[in-house]
Every structure is written in C-alpha cells, then in structure tokens.
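The values are calculated or read from the model by the stated rules, or taken from the named source; none is laboratory data. On a predicted model such as this, the values are computed, not experimentally measured, just so you know. All Cβ positions, even for glycine, are placed from backbone atoms using ideal geometry, and neighbour counts span all protein chains on display. Areas reflect the complete protein model, heavy atoms only, side chains present, ligands, DNA and RNA absent. Shrake-Rupley method; radii C 1.70, N 1.55, O 1.52, S 1.80 Å.
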Amino acid sequence: MADIKRLGLIAGGGDLPKYVLAGAKEQGLETFTIILSDFANAEDFPDNSHPFRLGDFGKLLKRLGKEKVDSVCFAGIVKRPDFKTLRPDLGGMKYLPGVIAAAAKGDDALLRHISGIFESKGMPLIAPQQFCEALLSPSGPLGDIDIAPAHRDDAAQARDVAREIGRMDIGQGAIVASGLVLAVEAAEGTDAMVARIKMLPENIRGTEQARRGVLAKVVKPGQDIRMDLPTIGSSTILAVSQAGLAGIIVEAGNAFILNKGRVAELANEHGLFVVGLPPNG
C-alpha cells in the first residue's frame, strides 16, 4: 500500500464504492473518483471526482493520467452495456473491438481485458477489499441462525452448481431446493434471479411459512478476486425471504456483506441463515 501515491476509484452503483472511498481516506490515500454516471450518483462523491459515461473511455483514461493516478480500484455495480448504442468517444474507439471480443467470452473475460488496459497505462489494479476488509464474509453464521441439517445437502449442491456455471463464466449464484436446481444466475443479477423463484409452483419451492432452498454465491473458479467479488446486502435478504428460501451461503473471506449488522438483523427477523463456508470446502 505504501507505493500508492494517488488512487483512482472507478465507482459504479450501490454502496460498495462509498465504503472503499472511506477506507482509502482512513489509510491516508489521496483519491480521485471516476463516477460512472450510468450507475452511480454524483452526490455521493462530491469531492475530487468527475462523472463519465461508459462511452467516455478515452476521456476517462486521459483524466486519470492528468490526475497522476498510479493505481485503480473498481467498485460497485456496472451492468454490461449495449455495445450497439454505446457511442464511444474518439479516444475510446480504438479499444472498442477488443472490449467487444472479450465481452463475447463472458463477464470475467471482459473485466480482465479492461483491467489490462489500465495496467498498460501504468495504473495497476487494487482490490477493493484492501480498503474495506471489514465487509468480507466471516466464517460461520452471520446472525443467530446456522444451517440446519435438512438444508446442508442443498447448500453443498448449490455451491457446486454455482462453481460450475462460474467455470463457464456465466454467473456466481445458484439456488437448490430439495435437490432440485431452481435457478442459476446469468446477466440478470442475484436479486432478479431470486425473484424468479416466486413464479415457480409451490410444490418445488419453499414458502415464507415453510422455508426450503438455499442460495449460494461464490467466486468463479480462476476469477481475479480484485474485481467483482460476490456481494450481498439487505435487499438480498429481503428477496430471499420473499422467495421462501431457507438461507444463503457464501465463501468465508470471498464475499462482501454490505452493512453486516443490518443484514444479521434481517436474517434473524426472517428466520434465515447467512453462513460463510470454507472456500475449499
């Protein structure tokens, strides 16, 4: 950390970028924030910042150089753009063919390609967890409820399915109930995937009165964990509760839990488990 003179925070949607910024300040780092205006609110980053569209990639790189940024950190939600309507600026046009080719291979491939562009400009990638380690998932239950024996097989299967789709760079999450795979995460994101469960027949899923089924969120095998760690928060707990699931598993130390205290309260209130399992389990 001592060799970072000025950090460039690439801020997407959600609360994670705010945690990263606060952590960087606590560590005494000067920070310049690129606000991705398609996803993040400028009001959340009033100081040392500038908004850019995703298509303003050339201007973005130029501004980071002007700000003498020597490292970058990606944090927050950034949805895959429609490349047909992206309208890149002049400086970004030369990068577009490579970005589109990488995107065709999956989200992880796309993120690796983009991070490589920054690194080629002398701005190596720094993991957000270096600035907000306290958000990382603990080992064991978060809150008062652990996995009951009746849900352990579903948890193990959901984790295995999530790893398998991750190996194909599809997504990070899967839901299993009574041995049946109910959903896998793709481009829609976790909350939307969970919401689909309510449309399934009650005979194959749980309800808020009789919960069953487990959501697993895991890193993709071979994923660069400096970007796009699995993340859950209060909205995830509420979605899981409404879907009638019994709980959530993540890998200990390999997921962000935003506002842990509130997440634990909601999990207890709705009778759900949120558990960090060993990454190699």
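Identify all residues within the stretch 132-164 that are part of a helix (DSSP H, G or I), open to solvent by 70 Å² or more (accessible area, probe 1.4 Å) and either closer than 30 Å to Lys62 by Cα or touching a helix residue (DSSP H, G or I) at 6+ places or on another chain (Cβ under 9 Å) (or both); write none if there are none.
Hits for the stretch 132-164 are Glu133, Ala134.
Please verify whether the stretch 52-72 includes one or more residues that are within 20 Å of Cys132 (Cα to Cα), in contact with a strand residue (DSSP E or B) (Cβ under 6 Å, 6 or more places away or on another chain) and either assigned to a strand (DSSP E or B) or among the aromatic types (Phe, Trp, Tyr) (or both).
yes
Can you find a residue in the stretch 246-263 that is open to solvent by 50 Å² or more (accessible area, probe 1.4 Å) and more than 21 Å from the chain's Cα centre (by Cα)?
no
Residue-by-condition table, conditions (1) in contact with a helix residue (DSSP H, G or I) (Cβ under 9 Å, 6 or more places away or on another chain); (2) open to solvent by 30 Å² or more (accessible area, probe 1.4 Å); (3) in contact (Cβ under 8 Å) with a residue 60 or more places away in the chain; (4) more than 27 Å from Glu188 (Cα to Cα):
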{"site": "Leu90", "(1), (2), (3), (4)": "yes, yes, no, yes"}
{"site": "Leu96", "(1), (2), (3), (4)": "yes, yes, no, no"}
{"site": "His113", "(1), (2), (3), (4)": "yes, yes, no, no"}
{"site": "Lys121", "(1), (2), (3), (4)": "yes, yes, yes, yes"}
{"site": "Gln130", "(1), (2), (3), (4)": "yes, yes, yes, yes"}
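For Ala267, which of the numbered conditions (1) more than 17 Å from Ala148 (Cα to Cα); (2) buried (at least 16 other Cβ atoms within 10 Å of the Cβ); (3) not hydroxyl-bearing (Ser, Thr, Tyr) fails to hold?
Of (1) more than 17 Å from Ala148 (Cα to Cα); (2) buried (at least 16 other Cβ atoms within 10 Å of the Cβ); (3) not hydroxyl-bearing (Ser, Thr, Tyr), only one is false for Ala267: (1).
Do the conditions hold for Val69, that is, is it farther than 13 Å from Ile126 by Cβ, open to solvent by 10 Å² or more (accessible area, probe 1.4 Å) and touching a residue at least 60 places away in the same chain (Cβ under 8 Å)?
It is false that Val69 is farther than 13 Å from Ile126 by Cβ, open to solvent by 10 Å² or more (accessible area, probe 1.4 Å) and touching a residue at least 60 places away in the same chain (Cβ under 8 Å).
Taking into account only those residues within the stretch 211-233 that are at pLDDT 95 or above and more than 12 Å from the chain's Cα centre (by Cα), which is farthest from Glu185 (Cα to Cα)?
Arg211
Kindly indicate which of Gly55, Gly23, Gly13 is touching a residue at least 40 places away in the same chain (Cβ under 8 Å) and buried (at least 18 other Cβ atoms within 10 Å of the Cβ).
Gly23
What number of residues within the stretch 248-281 satisfy the criterion of being closer than 20 Å to Ala156 by Cα, free of Cβ contacts under 8 Å to residues at least 60 places away in the same chain and of a type in the set (A, V, I, L, M, F, W, C)?
Of the residues in the stretch 248-281, 1 are closer than 20 Å to Ala156 by Cα, free of Cβ contacts under 8 Å to residues at least 60 places away in the same chain and of a type in the set (A, V, I, L, M, F, W, C).
(1) within 17 Å of Gly271 (Cα to Cα); (2) basic (Lys, Arg); (3) surrounded by fewer than 17 Cβ atoms within 10 Å (Cβ to Cβ): which one isn't true of Arg211, the others all being true?
(3)
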